[in-house]
Amino acid sequence: MGIRELVGTDEWQTAEGRPYVVYKYAATLDGRIAAADSTSQWITSAQSRAEVHELRAACQATVVGSGTQQADNPHLAVRSMQDDPSLKVAVPLDQQPWRVIVDTNARTQAGARVLDEAAPTIIAVAEDADASHLDDLTTVVRLPRSKAGLDVEALLGELHRRGVRAVFLEGGPTLAASFVSAGLVDRIIAYVAPALLGRGKSALQGGTIETMDDILRCELLDVAQSGPDVRLVARPHR
Ligand SMILES: NC(=O)c1ccc[n+]([C@@H]2O[C@H](COP(=O)([O-])OP(=O)(O)OC[C@H]3O[C@@H](n4cnc5c(N)ncnc54)[C@H](OP(=O)(O)O)[C@@H]3O)[C@@H](O)[C@H]2O)c1
């Protein structure tokens with residue numbers, strides 16, 4: 001599969017009124033996306049991570065939750081070949097996808113890496129959150145609260161209005177579970193490393209699936225090797 005096929009470009013129009021959502025994660029053989037101490041860099045190989053930059057570049061927004069922002073302080077821009085010769089993409093500033101942090105209470109600090117000049121950034125916060133420390137630094141978007149944090153449907157509506165046709169959801173597992181529970185994941189790309197962690201978070205944390213009757217079966221679209229890892233592409237059955 002080529003990069004455009006991987007992110008389901010041909011299916012984007014099927015997500016009417018909202019962006020198409022691609023949930024990507026990196027896990028171990030035992031389904032862990034982080035160790036017990038919350039470290040997760042790097043579960044998968046340099047080859048898989050380089051491919052992820054190409055996938056990011058093929059979408060218009062890279063979305064993570066505030067838990068990931070706090071744990072990893074990720075940069076989230078598409079790194080270019082100038083930064084790392086092993087990468088295959090070169091994305092100028094005006095074509096970088098939005099970096100989006102879903103951050104109900106505006107916990108992102110002014111020095112966060114996503115607030116640098118490498119790409120545009122949206123910090124999505126609650127309507128009543130105090131985000132005064134961010135106002136001059138980036139685009140702050142106000143959204144209604146939901147039980148789990150922010151209303152993810154409202155987030156997608158806001159991104160769609162800004163021209164985003166495909167979201168690259170990079171977790172973490174709590175935010176991803178909210179998207180899955182709301183029926184808002186259109187495609188899953190899992191990079192599975194031949195490794196075990198034993199404890200730590202799995203690819204989804206929380207959400208509404210309680211029993212086998214609720215299981216979300218997926219159609220397997222592709223399996224490939226990515227360096228030492230396996231890449232699985234699947235589409236949830238609706
Ligand atoms: N291996 C991988 O692929 C991968 C990828 C990403 C992260 N990780 C790891 O995952 C861990 C972090 O996971 P996490 O579950 O704590 O963080 P997360 O899913 O990134 O963020 C969860 C937080 O997002 C906010 N949020 C806002 N609206 C939400 C909604 N509707 N539903 C759910 N959450 C919402 C909530 O915090 P507020 O109330 O503060 O807004 C919530 O606690 C770290 O260890 C990180 O390294 C691994």
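Readers should treat all values here as calculations from the given coordinates under stated rules, not as data from a laboratory. What you are looking at is a predicted structure, and each value in this text was computed from that prediction instead of being measured. Positions of Cβ are backbone-derived with ideal geometry, glycine not excepted, and every protein chain shown enters the neighbour counts.
Taking first residues from the range 61-77 that are under 16 Å from residue 117 (Cα atoms) and in contact (Cβ under 8 Å) with a residue 40 or more places away in the chain and partners that are charged (D, E, K, R) and part of a helix (DSSP H, G or I), the Cβ contacts under 6 Å between residues at least 6 apart in sequence or on separate chains come to 62/56; 73/113; 75/113. The strands (runs of 3 or more DSSP E) found entirely in the range 1-107 that carry 1 or more residues being within 16 Å of the ligand (Cβ to nearest atom), of a type in the set (A, V, I, L, M) and more than 12 Å from residue 168 (Cβ to Cβ) are 20-28, 98-102.
Just to be sure, is residue 202 within 24 Å of residue 15 (Cα to Cα) and among the polar types (S, T, N, Q)? Outline the logic, then answer.
Values: within 24 Å of residue 15 (Cα to Cα): no; among the polar types (S, T, N, Q): yes.
Considered against the rule, which asks whether it is within 24 Å of residue 15 (Cα to Cα) and among the polar types (S, T, N, Q), residue 202 comes out as no.
In the range 159-177, what count of residues is obtained for those that are part of a helix (DSSP H, G or I) and either more than 13 Å from the ligand (Cβ to nearest atom) or touching a Lys or Arg at 6+ places or on another chain (Cβ under 9 Å) (or both)?
Taking the range 159-177 first, the residues part of a helix (DSSP H, G or I) are 159-161, 173-177.
Pick out the ones that are also either more than 13 Å from the ligand (Cβ to nearest atom) or touching a Lys or Arg at 6+ places or on another chain (Cβ under 9 Å) (or both) and you get 159-161, 173-174.
The total comes to 5.
Is it the case that the range 208-221 has a residue that's out of contact with any helix residue (DSSP H, G or I) (no Cβ under 9 Å at 6 or more places or on another chain), within 25 Å of residue 40 (Cβ to Cβ), touching a residue at least 12 places away in the same chain (Cβ under 8 Å) and part of a loop (DSSP other than H, G, I, E, B)? No, there is no match, as no residue in the range 208-221 is out of contact with any helix residue (DSSP H, G or I) (no Cβ under 9 Å at 6 or more places or on another chain), within 25 Å of residue 40 (Cβ to Cβ), touching a residue at least 12 places away in the same chain (Cβ under 8 Å) and part of a loop (DSSP other than H, G, I, E, B).
Residues in the range 108-130 that are more than 21 Å from residue 144 (Cα to Cα), of a type in the set (A, V, I, L, M, F, W, C) and in a loop (DSSP other than H, G, I, E, B): 4 in all. Name every residue in the range 2-23 that is at positive phi and surrounded by fewer than 16 Cβ atoms within 10 Å (Cβ to Cβ), in order of residue number. Passing the criteria: only 17. Close contacts from the range 97-116, counting a first residue that is touching a residue at least 12 places away in the same chain (Cβ under 8 Å) and a second that is within 11 Å of the ligand (Cβ to nearest atom) and among the basic types (Lys, Arg), with Cβ to Cβ under 7 Å and a gap of 6+ residues or different chains, come to 104/145. Against the list (1) over 19 Å from residue 120 (Cβ atoms); (2) surrounded by fewer than 16 Cβ atoms within 10 Å (Cβ to Cβ); (3) touching a residue at least 24 places away in the same chain (Cβ under 8 Å), the condition residue 93 fails is (1).
Please determine whether any residue of the range 106-116 is touching a Ser or Thr at 6+ places or on another chain (Cβ under 6 Å), of a type outside the set (A, V, I, L, M, F, W, C) and within 24 Å of residue 22 (Cβ to Cβ). Outline the logic, then answer.
First, the residues of the range 106-116 that are touching a Ser or Thr at 6+ places or on another chain (Cβ under 6 Å): 107, 114-115.
From what is left, the residues that are of a type outside the set (A, V, I, L, M, F, W, C) are 107.
Imposing the further condition that a residue be within 24 Å of residue 22 (Cβ to Cβ) reduces the set to none.
The answer is no; no qualifying residue exists.
Here residue 151 fulfils each of the conditions (1) out of contact with any Phe, Trp or Tyr (no Cβ under 7 Å at 6 or more places or on another chain); (2) over 17 Å from residue 20 (Cβ atoms); (3) among the charged types (D, E, K, R); (4) more than 8 Å from the ligand (Cβ to nearest atom) apart from (4).
Please verify whether the range 193-204 includes one or more residues that are within 13 Å of the ligand (Cβ to nearest atom), of a type in the set (D, E, K, R) and under 23 Å from residue 229 (Cβ atoms).
To start, the set of residues in the range 193-204 that are within 13 Å of the ligand (Cβ to nearest atom) comprises 193, 195, 197, 199-204.
Of the ones still in play, those that are also of a type in the set (D, E, K, R) are 199, 201.
Cutting the leftovers down to under 23 Å from residue 229 (Cβ atoms) gives us 199, 201.
The answer is yes; a qualifying residue exists.
Taking the range 24-51 as the range and being surrounded by fewer than 21 Cβ atoms within 10 Å (Cβ to Cβ) and of a type in the set (A, V, I, L, M) as the test, the residues that pass are 29, 35, 36, 46, 50.
Which members of the range 131-142 meet the condition of being part of a loop (DSSP other than H, G, I, E, B) and within 13 Å of the ligand (Cβ to nearest atom)?
Initial filter on the range 131-142 (part of a loop (DSSP other than H, G, I, E, B)): 131-138.
Hit for the range 131-142 is 131, nothing else.
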